[in-house]
Amino acid sequence: MRLDIEIRRWVRDRTQESSAILETNSPPSAIISIDSQTSTWTIEGIDKDKALKQFGESEETCFIVLNSFVTNTPGLLDKIRGCTESQLSDYAVLIHGIKGTCRGICADVVGEQAEKLEHAAEQGNYQYVSEHNSVFIETVEELMERIKATLQEHDHH
């Protein structure tokens, strides 16, 4: 959980930095040329343009954050697997963290799914959580596989 908080703080700080940088120093031509270089990768489920903007148009920073996501998320998913009704309050805290990291990498659709699960857990709606949790976990795992494949391709360049 501590790492998740650090990642979110770092992502938030980077967002503020990058928007300040974009407003002041970057000539449009620099952004266009960087964009044309990075258009070779796409990951279904991640808003790439939004992610690049969030990380100051740096593909390298994007990949560092994505790598951190695939490294740290499996442990969080393991903690929410097989959630019982008595674990709903812990579940709400964990899914909140997962929601933050999904949004941090601009995986907004998955982030929305996490938010619905978080609200259900907070309201004590165990039926919704039990019906949707395993599908959510599978969705995140599939996203992580797509991210890993892209990171591996990137390493070979």
- Thr42 paired with Tyr128, simple spin-label distance in nm, labels 7 Å along Cα-to-beta-carbon: 3.2 nm
- Query: the stretch 73-94 to the stretch 110-128: how many Å between their Cα centroids?
  - Reply: 11 Å
- With r as the distance between the Cβ atoms of Glu112 and Arg146 and R0 = 25 Å, compute the FRET efficiency 1/(1 + (r/R0)^6) and round to 0.05. 0.90
- Loop-located trypsin sites (Lys or Arg not before Pro) in the stretch 45-95 whose Cβ has at most 10 other Cβ within 10 Å (DSSP): Arg81
- Which of the lysines could a cross-linker span from Lys148 if the Cα-Cα distance has to be under 18 Å and same-chain partners fewer than 8 positions apart are dropped? Lys48
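Bear in mind that the values in this text are calculations on the coordinates, not laboratory data. For clarity, every value in this text was computed on a predicted model and none was experimentally measured. In this analysis, Cβ positions are derived from the backbone assuming ideal geometry, glycine residues included, and neighbour counts consider all displayed protein chains.
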